[in-house]
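Enquirer: The structure is given below, and queries will be raised subsequently.
The values are calculated or read from the model by the stated rules, or taken from the named source; none is laboratory data. Predicted model, so just to flag it, every value in this text is computed and none were measured. When we count neighbours, we look across all protein chains shown, and the Cβ atoms used for this are built from the backbone with ideal geometry, even at glycine. What goes into the accessible areas is simple: the full protein's heavy atoms, side chains included, and nothing from ligands, DNA or RNA. Shrake-Rupley method; radii C 1.70, N 1.55, O 1.52, S 1.80 Å.
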Amino acid sequence: EGVYQEIWGALTAYNLIRLEMAKAALKVKCEPTEISFIRAFHVIQYELHWAAVTRAYGKLPALMQRLRGRLVMLLNEERPGRKIDRVVKALPQRYTVRVLKRDLD
């Protein structure tokens, strides 16, 4: 039963992070997939850590606005295309092994 609770907790956290990413993307009119999930996870983790320390619950809306503003700064940069095509490297050849024959006499 504890394992199911952990799985549901992880899935709920994943969906909440994706939801915040989608809301931040709507704010700047971009696709949610343009925001890095790992970076968003770290930003949300950091911001929620400070929200837990704060006892003034009136500051939470401003905190959420700041959180979404920071998520927008995490837009993925467009990576340039490859200049050279990928190739499969050849397996390195084994070194030759020299066997010495001993006199068994």
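Enquirer: Of TYR57, PRO32, TYR14, which is farthest towards the positive pole of segment 6-63's charge dipole, taken about the Cα centre with +1 and -1 on the beta-carbons of Lys, Arg and Asp, Glu respectively?
Expert: Ranked along the dipole, the leading option is TYR57.
Enquirer: Based on DSSP H runs of at least 4 residues, each adding -39500 (n - 2.57), what is the mean residue ellipticity at 222 nm of the chain after dividing by all its residues, to the nearest 500 deg cm²/dmol? Can you show the working numbers first?
Expert: Values: 3 runs with 57 residues, N = 105.
Rounded to the nearest 500, the figure is -18500 deg cm²/dmol.
Enquirer: Follow-up. Give the carbon-plus-sulfur fraction of the accessible surface of the chain in %, rounded to a whole number; probe 1.4 Å, heavy atoms of protein chains only. Before the final figure, lay out the partial values.
Expert: Details: 6010 of 10150 Å².
Carbon and sulfur: 59 percent of the exposed surface of the chain.
Enquirer: Rounded to the nearest 20 Debye, what is the dipole magnitude of the chain about its Cα centre when Lys and Arg each give +1 and Asp and Glu each give -1 at the C-beta?
Expert: Computed charge dipole of the chain: roughly 460 debye.
Enquirer: Among PRO80, PRO32, PRO61, determine the one that fluctuates most according to a GNM of the chain built with springs between C-alpha atoms less than 10 Å apart.
Expert: PRO80
Enquirer: Answer with a single label: of [x] 26.4, 95; [y] 18.5, 59; [z] 14.6, 51, which was calculated as Rg and Dmax of the Cα atoms in Å from the structure in view?
Expert: Given [x] 26.4, 95; [y] 18.5, 59; [z] 14.6, 51, the calculated one carries the label [x].
Enquirer: Here's another thing I want to ask about it. With the chain treated as a Gaussian network of Cα nodes joined by springs under 10 Å, which of GLN93, GLN45, GLN65 yields the largest mean-square fluctuation?
Expert: Result: GLN93 has the largest fluctuation of those listed.
Enquirer: A further question follows. Please build a GNM for the chain, connecting alpha carbons under 10 Å apart, and tell me which residue among GLU78, GLU47, GLU20 fluctuates the most.
Expert: GLU78
Enquirer: Shifting gears a bit: Suppose all protein chains stay in the model; what accessible area per residue would a 1.4 Å probe give for the chain, in Å²?
Expert: That works out to 97 Å² for each residue.
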